Structure formats: C-alpha cells, structure tokens
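Some notes on the structure that comes next.
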Amino acid sequence: MKKYIFILFAFVLPLSCTSINKPSEPNNTDQYKAPNNILSGWSLYSTGLFYKNTENYNKAIKYFMDAAAFQEELDKVYYQLAECYYYMYNYNTAIMYAKMAIKADKRYFKPYLLLNRVYSDINNNKKAVEILEELVNIYPEMINIHYSIGLTYYNRLKDNDKALVSFRNIIELANAVPVEDYYKENANYYIGRIYYSKNLFDKSVEHLEKTIEINSDNKAALYLLSNILMELYQLDDAKEYSLQYLSKFEANNVIYANLGRIYYIEDNPRAMEYLGGAMSSNDIYGVLCKSLYYELIRKDKEAASLLKTISLDNSLLISPHIALGRIALRKGDKKTASGEFFTAGVILYKSAQYDAARAQLTQVLTINEKIPEVYFYLGKIYEETQNINLAIVNFKKTNKMRPTLEVQIHIGYLYSQLNNFENAAQYIDAAIKQEPNNPKPYFFKGLALSRNNEFPEAEILFRKAIELKQDDDTYYFYLATVQEKQNKIDDTIKSLKKAIEYNPENAMVFNYLGYLYAENNINLDESIELIQKALAIAPSNGAYLDSLGWAYYKKGDIKLALKKLLLAEKRLDKEKSPDPVVYDHIGDAYKKMGETEKAVEYWKKSVDLQKNSKIEEKIKNPLMK
C-alpha cells in the first residue's frame, strides 16, 4: 500500500477514545482542584490543555500533574508538561518530561521535536541533531526530519559528510514515496553545494541542474551553475545559465563578468557590454574585466599592466593569454603572441572547447607555421570531433617535423578507424620493428584487428601487450572486449576483474562488468552495485545510466528501470549523442508495463538511428513474447 509522508502530521493521538479538542472554559473552575472519583484523567487533561492554550502554564501544569496520577496515556501528558516548562524557559525540566514522554512511548514523535527545539535554543546542536536521528530511525519516511538533520549538519555543525547523507536520503526516498518538490529541490541544491566544496564539479553540476529542473527560478542554483561551469570552461553551458539568471533576476557583477569573458574568448562584440558592467568590481574578476575592456578599446599599456599581474597567479585563466597575444601582435612581438595564443588553445582543448581551441591554434599558424606542437593539438581536436582525415593530416605534419613512436603508432590507429587496415599495419608494424619490447604497438595493432573483426588475432596481441606490461587496466579492458566477442564470458569476467584490481577507479570497467552481468542475467545485485560505482565516479554519463536501468529491468523492477532509462535518454540528448540501444531498452520497458504504443514509438526511434532486424521484428509484432 502506498504511504504518504504527511500522514504522521495529520492527527494527534487522543488520550482515550475521544478526540482531544480545545475545551470551553469551565463555569466553575473550583471543581477541578484535584483528582477525585468524579473527575477522569481525560477531564483533567482537557482542562490542562485549556489553560495551556491561554498561556496560564502554572495552572496547566497542575492539571496535567493531576491527570498523570491516573497513569493513562502518559506519553501525551508528559509531553504537555514538557511544552509548558519549555514556554516558561525551564529547559531542564522540559527536557526531563520530554524524555519521560519518549520512555512512555518511543513512537510518539512530538517529544523528539520538542527536545530538538530545546537543544537548538540552548545551542547544543549535537544533541539537537542526535534526537532527530533517533526519530528518523523510527520513522525513516519523515522527509522533513531528514531535511532538518541535513540543515543542522550543514549550517550549524559544519559537517558536510553527514549533511550529504541526510540530503541523499531524501533523494532516495523520493524514488519510493511521494515527496514535496520543496524537499527534492533543496536536497539537490545542498548536495550540489557540498560536492562543489569537495571540488567534485561534475557531481555538483548534476545536482544543481536537477535543482533547476524542479524550480527554474532557484536563484542560488543558477548563480552557482554559472560560476562552476565558467570555472570548468564549459562555455556554452555557462553562457546559458548566466543568461537565464539575468532574465529572471537583477544585474550581478559576477554573472556579467562570466558573460564578458565568454564573449571575449568567442571574439563576440557583446563582450564590451558585459565587461563594462563588471569592471567596477574590485575583485580579481573585476580587474580582469577592466583589463579585457581596455584591450578592446586599444588602451594596450594599461591593459598589459593589469593582465601581467593577473597572469602571475592565475596562469590557467584563458582570456588574459588571448589579450596579451593580441597586444603583443600589435607591437610586432610575434614570438610572445604565438606563445600566448598557443597556451590559450591548449587550455581550451583540455576544457573540450574545441572550436575556440582551434581558432587560437590557427591564429598561431598565421604567425609561425613550423611549430609541431600546434599540429599535434589540432590533430587531437580533429580526432575528438570525429574528423579523422584531418586528424591524420595534422599528426603526419607533427611526425614529419618531430618524429616520435607515439605519434607514429597513433597515425596507424587512426587509419584503422577509417578501416584502412593496410596503412594502419604499415605504421604500427614499423613501430613494432623499432621497439619490439614496447607494449603500445601491440596494443594498438590489437585495436586495429578488433575493428576488423579479427578477434582471436586481436586477443593474441592484447595478451602480448599485457605480457610486456602486466599492470595496465586499459589492456585488460580491451582484452575483455574481444573475449566477449568470442563468447568467452568467463574469460571476459576475469579480465575485467583484473582491470579493476589494477585501477579501482575505472568507471568504464565497472560499467562494462555490471552490464555484462545484466545482459547474461547473472549476479544482478552485484551488477547494480558495479554500475552504481561507475556512476559515483561519472554521475552524468548517459551510457552508465542506461546500464543501470537495464540491470533493474533484468531484475524485474520495471518502474525504476524506466525512470533510469528515460534519464539516460535525456542525458545523451543533452550531449547530442542519442543511442539506439537506449531507445530499444526504453521500448522493452514500456512493453513490460503494458504501454505498447510507447514501446513501438521508442523501437522506431532506435531503428531510425541504426537498422536492426530484431527491433524491426518487435515493431511488426509488438505483442510477441
């Protein structure tokens, strides 16, 4: 039966079978002086409530004490006594009676809340949170108590790890019982802040984005997202959240600074507007904006002076390098200009800002065409953006200017990506001949053969690489891939466990082994644990979320499976890399839930991306088992 968390607060248990209501004032109060054969414990309790509600606490206490003599519903009586003493600021006695109420009935929640208030008032925050933890152990579905515990640890005790546990509990409970958006929103927000304080930026962004999904007007979350993403140089996302912030809230120097720097890097004229709005601030970003503004209006001397000071302690800031490069180029100092543009290009490449990186590196080539490192990074950019032909062109230029075994092997590997196995073999075999005891050429030749579906031959080469270097988790991972292709499931599992042994932080391996278990319907609990480990390392990975959803599907938890699979779809769509396998899995989940039309819709999405005869058969016969 579905449980709703607000039920606990919808009523107060009566002292007897009659419900407790605020009584009318008695006509003759003398008759309530003491318990006797005429008066019941209930009558005394009811009169005590009347005097308590009129703030006559001393008189209320007298009636509650008389009611206690009847030894009925003592948890309620002691609680009322505790509240009276609390309102009279007699905290020690309030604590005593609240504890007596709990002893009378440990499941009566009000005394716990009162004790929490008392301890909070006297600044004994440790005791305050301990009493709430006792309560939540009895009633784990009390979302508001988890939230109060989290806030106490975060704001008062400054214990982020324990706060994180409480806020995570709210997120977990939201999967099982209805939870107000308020608690989900703020739990995600505080988790995001905590991860940010731990420099776990990807996890921070994940939870802050969930905050915005629940409440797009959460000012603090938008502000943090703008700053974190700017710090990570994820410029498009930083721009998006900065503009969202300004569309909803008043102008802010920090947000202006973020947008000014982004537009400056993009060489967008709008930079002037935002840099000008932020340059009045006296912090480092205000000074940076002023220097960039000066560069744009050609006040080179003033700009250079500020930029050099900033760059001394902040060498990873990109815009100062671009600005100094432009100033140097105007002065005719080509060496300095090319160095600054190159540095900006490399930092942008490492931040996956490939278009901006290519623009800076191309600028270097207009100054000096004979720097092999420039072609190397251009090759990396083209490889990352799937332009393999241009990647090969640039790596060849690098290798011609400064030959290295690494680049030579990599050119061979890229040829295999184009299915040009003759050229691939030419480059890699030459590397093996040069250095027969180097494991890398064998590994990359194994990759090339694997791409050509020569799995037994690839396995031999991966094993040769492992023979020469036994502690490389990557070699075991790819050995597992070709073993699986040969249906050597036991060997695949052994190889993946070896990879984990040598690198217990390899999310890709955890996900692969977990998915392998799920696909083969074995070790399903361990499968879920392994994939959750992968997601703990890379929480935003859509492929890992798909694996987790599929593991839940195999275990029979279709509702939770569909939730994870739809989240995987959303993540992959955001990355602009939809996956036909994810669509197929979602279709299967909908079919299990009896929603055939939705199932067919997703199977069609899958085959639109990649033809698959098995899925086409499911579309034709959606009711087939």
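The values are calculated or read from the model by the stated rules, or taken from the named source; none is laboratory data. This one's a predicted model, so the numbers in the text were calculated from it and none came from an experiment. Heads up, the Cβs are rebuilt from the backbone with ideal geometry, glycines too, and the neighbour counts pull from every protein chain shown.
Here's the yes/no breakdown for (1) closer than 18 Å to residue 365 by Cα; (2) of a type in the set (A, V, I, L, M, F, W, C):
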site	(1), (2)
249	no, yes
259	no, yes
293	no, no
300	no, no
312	no, yes
324	yes, yes
334	yes, no
343	yes, no
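Each residue in region 356-373 was checked for being surrounded by fewer than 20 Cβ atoms within 10 Å (Cβ to Cβ) and either of a type in the set (Gly, Ala, Ser) or under 26 Å from the mean Cα position of the chain (by Cα) (or both), and 1 of them qualify. A Cβ distance below 9 Å, combined with a sequence gap of six or more or placement on separate chains, defines the contacts here; from region 139-164, residues that are closer than 13 Å to residue 191 by Cα reach residues that are among the hydrophobic types (A, V, I, L, M, F, W, C) and not in a helix (DSSP H, G or I) in the pairs 163/157. Every test in (1) touching a helix residue (DSSP H, G or I) at 6+ places or on another chain (Cβ under 6 Å); (2) part of a helix (DSSP H, G or I) is passed by residue 308 save one, and that test is (1). Evaluation of residue 106 against the conditions (1) assigned to a helix (DSSP H, G or I); (2) over 27 Å from the mean Cα position of the chain (by Cα); (3) among the charged types (D, E, K, R) shows that the sole unmet condition is (1). Looking only at residues of region 421-467 that are part of a helix (DSSP H, G or I) and either among the polar types (S, T, N, Q) or outside the structural domain of residue 477 (by TED's automatic domain parsing) (or both), we find that the one that is surrounded by the most Cβ atoms within 10 Å (Cβ to Cβ) is 450.
When 75, 66 are screened for being in contact with a Pro (Cβ under 6 Å, 6 or more places away or on another chain) and either more than 26 Å from residue 122 (Cα to Cα) or modelled with pLDDT of 95 or more (or both), only 66 passes.
Per the listing 567, 609, 572, the residue uniquely surrounded by fewer than 17 Cβ atoms within 10 Å (Cβ to Cβ), under 19 Å from the mean Cα position of the chain (by Cα), more than 26 Å from residue 492 (Cα to Cα) and of a type in the set (A, V, I, L, M, F, W, C) is 567. Do you know which of the residues in region 327-342 that are touching a residue at least 24 places away in the same chain (Cβ under 8 Å) and buried (at least 18 other Cβ atoms within 10 Å of the Cβ) is farthest from residue 229 (Cα to Cα)? Here the answer is 329. Only one of (1) surrounded by 16 or more Cβ atoms within 10 Å (Cβ to Cβ); (2) among the hydroxyl-bearing types (Ser, Thr, Tyr); (3) part of a loop (DSSP other than H, G, I, E, B) fails for residue 552. Which number is that? It fails just one condition, (3).
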